[in-house]
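The next block holds one structure in the form of structure tokens; read it before the comments.
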């Protein structure tokens, strides 16, 4: 197993979206040699200016690296990045560690772990929680499935990217843990939005309400970090609605396979699908406020702007 150090460990980074660009930037500043690939090269321009080397394909990125990280959008993207004709596994070799940080399917993580092992490489599924704020501040929670030795070898890298890093078990365990996380967020976000809607209609000052409730028993990360954005009509994505609907769909598929009923999650997903239908797919998950307000005939954005 490799010994990780900025002076000697070469990293490939695939995916430079809302979170990936910040995470890759932390590794560059920590002194790691980075080769970067993104479907849209312009999204990697700042990283290139800071010293990253561009690769034309995921395979080319992997060929120049000891460790490959990916964080993309959907399971199909993960499949293409790693198992496609120009995917990382076409360049895999003994000792290479591949880490997918996308929220994806546990079953796909298991397939990728098996495909990597057949090449003498190691695959870890390591989805994250904390959104754009956690990515920028390097305070992400990272949930890792796969071989423990590989997980431990990457401890110097994990420490650059996140604050809470836990090995959850065999391949797929990281993704199952992330599904648990998303289930918690889904119904909590309904509570955050409904509470603000109630306080708004009651004529209360929402910032004063937040001051009272956020530090008590009702407190949560979403209430502290996203409620202020809702109050100020700031719905730019820290995490896209489209991606959250995808995550909830994966969780419901896994729940069906395990023969468990999750009615709260199913309800939350339907509400988010309504938000997508209203054109909010590329907004942040806290934009659920807009769709819920419309159920009561309230134009949240207009009323909060007056």
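Keeping to the range 91-112, report how many residues are more than 19 Å from the chain's Cα centre (by Cα) and either surrounded by 17 or more Cβ atoms within 10 Å (Cβ to Cβ) or closer than 29 Å to residue 257 by Cα (or both).
Within the range 91-112, residues that are more than 19 Å from the chain's Cα centre (by Cα) and either surrounded by 17 or more Cβ atoms within 10 Å (Cβ to Cβ) or closer than 29 Å to residue 257 by Cα (or both) number 5.
Could you tell me which numbered condition residue 236 fails, if it satisfies all but one of (1) touching a strand residue (DSSP E or B) at 6+ places or on another chain (Cβ under 7 Å); (2) under 16 Å from residue 140 (Cα atoms); (3) free of Cβ contacts under 8 Å to residues at least 60 places away in the same chain; (4) not assigned by TED's automatic domain parsing to the domain that holds residue 123?
With (1) touching a strand residue (DSSP E or B) at 6+ places or on another chain (Cβ under 7 Å); (2) under 16 Å from residue 140 (Cα atoms); (3) free of Cβ contacts under 8 Å to residues at least 60 places away in the same chain; (4) not assigned by TED's automatic domain parsing to the domain that holds residue 123 applied to residue 236, the lone miss is (2).
Anything in the range 186-216 that is out of contact with any helix residue (DSSP H, G or I) (no Cβ under 7 Å at 6 or more places or on another chain) and not in a helix (DSSP H, G or I)? List them, or say none.
Those that are out of contact with any helix residue (DSSP H, G or I) (no Cβ under 7 Å at 6 or more places or on another chain) and not in a helix (DSSP H, G or I): 202, 203, 204, 205, 215, 216.
In the range 14-28, how many are in contact with a strand residue (DSSP E or B) (Cβ under 6 Å, 6 or more places away or on another chain) and either outside the structural domain of residue 139 (by TED's automatic domain parsing) or under 18 Å from residue 238 (Cα atoms) (or both)?
Looking only at that region, the number is 2.
What is the residue count in the range 105-125 for residues that are out of contact with any strand residue (DSSP E or B) (no Cβ under 7 Å at 6 or more places or on another chain) and not in a helix (DSSP H, G or I)?
Final tally of qualifying residues: 3.
Answer with yes or no whether residue 72 is assigned to a strand (DSSP E or B) and either without any contact (Cβ under 8 Å) to a residue 60 or more places away in the chain or under 20 Å from residue 253 (Cα atoms) (or both).
Against the criterion (assigned to a strand (DSSP E or B) and either without any contact (Cβ under 8 Å) to a residue 60 or more places away in the chain or under 20 Å from residue 253 (Cα atoms) (or both)), residue 72 does not qualify.
Could you say which residue among 142, 183 is touching a helix residue (DSSP H, G or I) at 6+ places or on another chain (Cβ under 7 Å) and not assigned by TED's automatic domain parsing to the domain that holds residue 250?
Every option except 142 fails the conditions.
The values are calculated or read from the model by the stated rules, or taken from the named source; none is laboratory data. This one's a predicted model, so the numbers in the text were calculated from it and none came from an experiment. Please note: Cβ atoms are built from the backbone with ideal geometry, for glycine as well, and neighbour counts cover all protein chains shown.
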